[in-house]
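Visitor: My questions will all concern the structure given below.
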Amino acid sequence: MAGAGQASAVFDLAEVQRALEAQPFSRLVQARITEFGEGAATLEIDIREELLQQHGFVHGGVLSYAADNTLTFAAATALGPAIVTGGFSIQYVRPALGRTLRARAEVVQAGRRQAVCRCELTVLDAEGTESVCAVAQGTAMTLNGPAAGGEG
């Protein structure tokens with residue numbers, strides 16, 4: 001995790017949650033940040049019917065959203081809040097069935113303007129047992145100017 005953790009002292013978990021809540025789609029899926037700092041971030045979403053696809057699994061778009069945001073929040077621990085996703089890939093490894101979706105991301109490598117991160121997405125069942133449903137890897141990069149709306 002080269003370079004990770006340097007910028008996380010600038011903002012805390014409460015500020016990161018406010019940044020997440022500034023995103024209308026994050027409010028729609030009712031996402032929450034549960035861990036943030038030291039090169040890592042965790043995002044959780046309670047699974048409900050509106051987030052499922054026709055076979056009863058969590059929709060791939062919701063999994064992609066969770067990976068995207070969590071990768072970028074992890075990168076923010078190294079780069080600061082004024083960043084955007086540069087790109088990511090996701091592999092779905094098993095249907096997402098459970099009560100809670102959890103995405104955990106960590107910085108693999110960070111420079112001054114870009115961070116590479118990886119993310120593991122799991123679902124928790126009623127007993128709290130976690131099962132991996134997807135894995136993702138991506139990059140985030142700093143903005144050249146101030147973020148629109150003052151958020152990163």
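The values are calculated or read from the model by the stated rules, or taken from the named source; none is laboratory data. Predicted, not measured: the structure shown is a model, and the values here were computed from it. Every residue, glycine among them, receives a Cβ derived from its backbone with ideal geometry; neighbour counts consider all protein chains shown. Protein only, heavy atoms only, side chains kept; ligands, DNA and RNA dropped before computing areas. Shrake-Rupley method; radii C 1.70, N 1.55, O 1.52, S 1.80 Å.
Visitor: Could you go through the range 71-80 in sequence order and give the Karplus-derived ³J(HN,Hα) for each residue, using 6.51 cos²θ - 1.76 cosθ + 1.60 with θ = phi - 60°, rounded to whole Hz, and x for Gly and Pro?
Guide: 3J(HN,Hα) across the range 71-80, in whole Hz: 4, 6, 5, 4, 4, 4, 5, 9, 9, x.
Visitor: So who's got an amide H within less than 5 Å of the one on residue 52, skipping anything under 5 residues away but keeping other chains? H placed 1.01 Å off N, in plane.
Guide: Amide H neighbours of residue 52, under 5 Å, 5+ apart: 59.
Visitor: Of the trypsin sites (Lys or Arg not before Pro) in the range 52-152, which ones lie in a loop per DSSP and count no more than 14 other C-beta atoms within 10 Å?
Guide: For trypsin sites (Lys or Arg not before Pro) across the range 52-152 that sit outside H, G, I, E and B with at most 14 neighbouring Cβ atoms in 10 Å, the list reads 99, 112, 113.
Visitor: Here is a further query. Probe radius 1.4 Å, ligands and nucleic acids left out: which of 97, 79 has the largest accessible area, and how do the rest follow?
Guide: Per-residue accessible area, sorted high to low, gives 97, 79.
Visitor: Could you list which residues have their amide H under 5 Å from that of residue 86, counting only those 5 or more apart in sequence or on another chain, with H placed in the peptide plane?
Guide: HN-HN under 5 Å from residue 86: 139, 140, 141.
Visitor: Taking H placed 1.01 Å from N in the peptide plane, check which residues at least 5 places from residue 100 or on another chain put their amide H under 5 Å from its amide H.
Guide: Here 47, 124 satisfy the definition.
Visitor: Could I ask something else about it? Determine the per residue accessible area of the range 44-152 with all protein chains present and a 1.4 angstrom probe, expressed in square angstrom.
Guide: Value for the range 44-152: 49 Å² per residue.
Visitor: Something else now. Can you work out the Karplus-derived ³J(HN,Hα) for every residue in the range 101-107? Use 6.51 cos²θ - 1.76 cosθ + 1.60 with θ = phi - 60°, whole Hz, and x for glycine or proline.
Guide: Per residue, the Karplus-derived 3J(HN,Hα) values read 9, 10, 10, 10, 10, 9, 6 Hz.
Visitor: Counting other Cβ atoms within 10 Å of each Cβ, which GluC sites (Glu not before Pro) in the range 64-152 have at most 15 and sit in a DSSP loop?
Guide: 127, 151
Visitor: Could you list, bin by bin from short to long, the percent of Cα-Cα pairs of the chain in 5 Å steps?
Guide: In whole percents, the pair-distance histogram is 2, 11, 20, 23, 20, 13, 7, 3, 1, 0.
Visitor: Measure off, as a whole percent, the carbon and sulfur share of the 1.4 Å-probe accessible area of the chain, all protein chains present.
Guide: 51
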